[in-house]
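The values are calculated or read from the model by the stated rules, or taken from the named source; none is laboratory data. In this text the structure is predicted, and so the values were computed from the model without any measurement. Cβ sites come from the backbone with ideal geometry, for glycine too, and all protein chains shown count toward neighbours. Ligands, DNA and RNA are excluded from the accessible area calculation, which covers all protein heavy atoms including side chains. Shrake-Rupley method; radii C 1.70, N 1.55, O 1.52, S 1.80 Å.
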Amino acid sequence: MVRIGIIGGSGLYHLVENSKLKKIDTPFGPANVYLGMFGGEEIAFIPRHGEKHEIPPFKVNYKANIYALNMLGVERIIASNAVGAINPELMPGTIVLPHDFIDLTKCRDGTFYNGKTEIIVRGRRIKGVVHISMTPYTYCPEIRSALMSAANQLGIHLVDKGVYVCTEGNRFETPAEIRAMSIMGGDIVGMTGCPEAALARELAICYASVSIVTNYAAGVGGEKKLTHQEVLDIFSRKLEDLSRLLASSITLIPRERSCVCKDALAEFIDH
Ligand SMILES: [Zn+2]
C-alpha cells in the first residue's frame, strides 16, 4: 500500500527518481501516477499539469487524479501550486501553507457523488446523498503540522496560514477581481486548489497544500507586471526548498491517522 500521494503543481513535474509510471483507469477517466521512493518510502506522484505542462488548470482531471490515489490506498495527499499574492505582505518567493480556501471556479465537476457512480473508499461502499463537511479543518491538521515542523527543522520560512482563492482561469484576474477577493479575505490566488482539496475530503483522504508565491496579483505590489517566464524563474528557485520540505514532512507524518479527515465519510458508509 502507498500511504502518501504528492500532486505537483507548476514547475514540479519530476519529483521521484527512477519512478515507475502506472496508468490507472478510474470511473472518471485515466490518470498517470508515478510510483517511487521519496522521503524514505514509496509514494505516488502526479504532475498535475502533465510531465510537460500540457494540461491547463481547467482541463486537469481532478476527479481521476484523486480517485486514482484512492485506488492505490493513499490516505494522505500533499499538493503544491503556484499562486499570486493578494496580500501584499506575501512577497514573490514566499512559501505559504494555506489554512482555508474560497472556491470561485465556475465550470468544474466538484463532486464524486453524482448519484450514479459507485464510490469505494478503502474497501467500503459509500451510498446515499453525501455532503461532506469542511470543518473544523479545511486542510488536514496533521499534514500541516508535519510541514511546519519540517520547515522549522530545515530553516525554511513557511507562512503558516492564508486563505487560498481559486479562480477558473485560464486568464489571470482583473484588478477589480483581486480587490474583491481581498475584501472577501483572500491572501493568495491560483487556479488549481479547487475542487482538488474538497475531492480528497470526499474520499476521507487527508489533504494539505503548499503554495509558492510567484508574483503579485493584478493591482497588488505596484504596477510591475511579471511575464510567465519570470513567474517560472521565481518558482524554480524555490523548487529545491519545496522538494526538501516535502521529503522531510513525509518522515514526520504519523503512520496512524488521528485527525478528523479519516472520519469524513463515517455516516455514509454502507454497512
Ligand atoms: Zn487528516
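The residue of region 98-112 that is nearest to the chain's Cα centre (by Cα), among those that are under 29 Å from residue 147 (Cβ atoms) and part of a loop (DSSP other than H, G, I, E, B), is 98. Quick check: is even one residue across region 110-124 within 16 Å of the ligand (Cβ to nearest atom), in contact with a strand residue (DSSP E or B) (Cβ under 9 Å, 6 or more places away or on another chain) and under 16 Å from residue 203 (Cα atoms)? Yes, some residue in region 110-124 is within 16 Å of the ligand (Cβ to nearest atom), in contact with a strand residue (DSSP E or B) (Cβ under 9 Å, 6 or more places away or on another chain) and under 16 Å from residue 203 (Cα atoms). On the stretch given as region 143-153, residues that are surrounded by 21 or more Cβ atoms within 10 Å (Cβ to Cβ) and within 14 Å of the ligand (Cβ to nearest atom) total 4.
Take the residues of region 133-142 that are part of a loop (DSSP other than H, G, I, E, B) and either touching a strand residue (DSSP E or B) at 6+ places or on another chain (Cβ under 6 Å) or within 12 Å of the ligand (Cβ to nearest atom) (or both): which is farthest from residue 258 (Cα to Cα)?
Only one residue tops the list, namely 138.
For residue 192, the conditions (1) away from the ligand (no atom under 16 Å from the Cβ); (2) surrounded by fewer than 24 Cβ atoms within 10 Å (Cβ to Cβ); (3) touching a residue at least 40 places away in the same chain (Cβ under 8 Å) are fulfilled apart from (2). Of the residues in region 241-250, none is in contact with a Cys (Cβ under 7 Å, 6 or more places away or on another chain), assigned to a helix (DSSP H, G or I) and open to solvent by less than 40 Å² (accessible area, probe 1.4 Å).
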